[in-house]
Each structure stands twice: as C-alpha cells, then as structure tokens.
1. Simple spin-label model, 7 Å along Cα-to-Cβ: residue 405 to residue 451 in nm?
2. When only Cα pairs under 8 Å and 6 or more residues apart are kept, what is the percent relative contact order across the range 38-145?
3. Treating the beta-carbon of each Lys and Arg as +1 and of each Asp and Glu as -1, no other charges, what is the dipole magnitude of the chain about its Cα centre, to the nearest 20 debye?
4. Pop a pseudo-label 7 angstrom from the Cα along the beta-carbon direction at both residue 249 and residue 299 and give the gap in nm to one decimal.
5. Helix 53-81 against the longest principal axis of the chain: what's the angle in degrees, Cα atoms only, rounded to the nearest 10?
6. For the chain, what is the accessible area per residue in Å² when the probe is 1.4 Å?
7. Report, in degrees rounded to the nearest 10, the 0 to 90 angle that the Cα long axis of helix 158-169 makes with the longest principal axis of the chain.
8. Of 441, 422, 203, whose Cα points farthest to the positive end of the dipole of the chain (charges on the beta-carbon: +1 Lys, Arg; -1 Asp, Glu; origin at the Cα centre)?
Amino acid sequence: MNLSEPPASQQVVGKYRWTICALLFFATTVNYLDRQVLSLLAPDLSKEFGWSNSDYANITAVFQFVYAISMLFAGRVVDRMGTKHAYILAIVVWSLGAVMHAYSVPMGEGVAAMLGAFGMAAVPVSIAGFMLSRAVLAVGEAGNFPAAIKATAEYFPKKERSFATGIFNSGANVGAILAPLTVPWIALHWGWQSAFIVIGVVGFVWMAFWHVMFDTPEKKLGAAELAYVRSDAPVQATQATPGAKVPWTRLFGYRQTWAFVAGKFLTDGVWWFFLFWLPKYLSVQYGMGKADIVLPLAVLYSMTMIGSIGGGWFPAYFMGKGMAPYDGRMRAMLVIALFPLVVLLAQPLGYISYWVPVLLIGIGASAHQAWSANIFTTVSDMFPQKTVASVVGIGGMAGGLGGVLVSKLGGWLFDYYGAQNQIATGYMIMFSICAVAYLIAWGIMKTLVPRHKEITDL
C-alpha cells in the first residue's frame, strides 16, 4: 500500500488535497535543507574561524531564539494574510537568509563595526556575520509550520490530518537525508559558500509551483471532495477568513493553548539537538570527517521518515475504536513517548560501534517525528481554522525557546567536560534529557486537557 494515497473508498471524492500535501512536503524538505547546511559544515568552519563549542552554540541559539519569537508573529501573519501569500513571503525571506550565509564574513565586519559604534562588546567578525544570517533565515522559516498546519486544516478532514501532517512533516527527514548527501560534495568541489547559495536558491523553485497550484479549497476542490473535507467537524464548516482577528489574550485563556505550549517547549529542543549537534558528536566522539558521517546520518534520518508517517497514521487505530480525535491522538502519543527512552543506552553502549548510538538515536528521533505529527494536529482538533496558525505560532515560540535552552546547555556542557577530557559525560547528560522529555510533556498535556474539548466560542 502506498502510504501517500488515501484509501480507495475515498478516492471517488477526488484527490487534489494530496497534491497540496505534496507541496507542503517539498516546502518542509527545503526548509530543513536550508537550516542543516551550517551543522554539516560546522566542524570545518569551527577550525577555519576558531569557534569553540560555546561559539557554535551561540550561533545556533540565535537562530532558535529569533525563530521562537518569529513563530509567534508568523502565526498571526498567516491568519491575517491567508495561507497562500503568507507562505510565499516566508520562503522568499528564508531563501534569502540561506544565501546570506555565503557572505557572512563581509557582513560580519559591518555588524561588528555597528556594535562597536554603540559601545557594545566586540563580537568576532565570523560569529557576527553568521548570527545575522541565521536570524534572517529564522524569520522566514518560522512561517513554514503555521502555514502548513493551516493548509492541512483547510484541505483535510480531522480524521486525515495527522496522517497528512506526518507525510509533509517527513519532508524534515528527507531534507536531513539530502543535506549530508549534497552539502559536503558541493563544499568540497565549489567551496562552503556555494553550498549555502545552491541550497538556498531551491526555495524559489518551489515558490513558483505553490503560486500556481494553491488557493482556497473552494477554488481548487470539486464539490464532492470539498464536501468530504468539511464532513466531520462543525468547526471546520466555518471558513478561515484572511483578516479575521482573535486577540492573543483570548487564546492564552484556554488550557488547550497551554497544553500545546508545554508539549512544544519540552520536546522541540530534542529535535534541534539531534539536528544541530549530531555531526559534531560523530566528529568528536568517533573522529569522523564529512565523508564518514554521510551514511550514518542518511540511515538515521531515513528511520525518522518511518516515525513521521507511521506516527501520523497511528491515532487512526484508536479513533477506529470510537475515540474522539484528540483522545486517540493522546493515547498514541503516550505510546510514542516511550520510545525515546532507548536513547539512554546510546552512550553506555557506544563503545561497541558508532552504529549503536546512531541507531538508538534514530529510534528517538523517529519517535520525535511521530510525536510532532500528532502534537501539531491537536491544535486543529480543538481550535477553529481562523486561529489555528496563531496557536501553532504560540506553541512554536515556546518550542524555539526550549531549543535555545537545550543548545546553550549543550554548548556549556561540552566545553566544560571537554576541558576535562570527559566529553562523553556531557553527551550522556544531554541524551538523558532527550530521553525523558516526552513522558514529562505528555503528563503535563494530559493534566491540562484530560479529554477532548472543542473550542466553539472564538
């Protein structure tokens, strides 16, 4: 069975919604390609510019902090502008930000001079330039998930949303696979600057397809498919209207918002850690170079595709037993939250072979993607369409701030224990945090929203 196809019984109503899902998949692939170029080049860039682990952590933390703040506003922009135009704006900004990395050193000279003019502490030129580039990249990339989740809420009935989310979210894994297969080769043959430029330009190609193929469901779907999409949720029948405004203060008044915020804050940092630090982990712990890490990373991120798509499908099993969408998703998320516990064994068993931590971390990262496909969909389970992107943005901000804390903690631990030639201890601490985060998050979410409760007063 092809997981990207809906069941045969549903094909009679039309399949254009799956075309939209494919567009979201490719956008997410580009999104993760762009953000991972730096992590793959980090070992060489650290040597070239003399960065410490804390310096690298500061550069990645700038991305995560700006991403977090931008997520809050990105959700509002998507709800106000509408999905189509907001997505175009987002990918233009993040593609430009990706290309800017190639010119980080000359830009850094200007940033350092400006900081000095205001009497601020001097920042090394290379660090200042990469921080600026990461900030611009973050502003644009913050629009991806609010727009994609809103598009999914517009084009899919509730019973298909986590599956569709799992499919497009697997683009993150494909991007993570393609990056080590392409970035080192481009950097080796054309220079590290070309890697940022070539990967950054890909976003503009996607934008042309999105402009032609996406519009509101009423303009793109046949009558039968539109009726099917609107069939299973009273809230869904209310069409999202660009310009509709619900104050943030009202959204913060719902436990459903805080459940999503808590879940994202506690778990997003795990994915950021795996994405940004795994190349350095394999380099430091096992002495592996750019060419050596290609296969392990490709295997690891291939595993996460299974988690993303399978995790998106998993709640349907519980819904088939009569559970409401949210309740079925929470039951599935509890099972998913158990799998990252295997990451606790990554460091103790790493002496056997580097493949042991790679495979165990792969299971944990797969579980994260399964979790992600479901936690995003809890928002559209309970909130009306006109507020979906805003709530996703609020939770995304919380997740980004959690990512900042994880990156800063990791950088400090690796420098501290590295100075004592005990770097393995630093990784053991970080892997332990990653392992237990999901069970803690699930417990808080279940406490805040014990059972499905749809919001109808917005």
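The values are calculated or read from the model by the stated rules, or taken from the named source; none is laboratory data. Just so it is clear, the model here is predicted, and its values are computed rather than measured. Cβ coordinates were reconstructed from backbone atoms using ideal geometry, including for glycine residues, and neighbour counts include every protein chain displayed. Ligands, DNA and RNA are excluded from the accessible area calculation, which covers all protein heavy atoms including side chains. Shrake-Rupley method; radii C 1.70, N 1.55, O 1.52, S 1.80 Å.
1. Placing both labels 7 Å along Cα→Cβ, they lie 3.2 nm apart.
2. 39 percent
3. Computed about the Cα centre, the dipole is about 1040 debye.
4. 5.6 nm
5. Around 20 degrees separate the two axes.
6. Values: 16910 Å² over 458 residues.
I get 37 Å² per residue for the chain.
7. The angle comes out near 20 degrees.
8. In the chain, that residue is 441.
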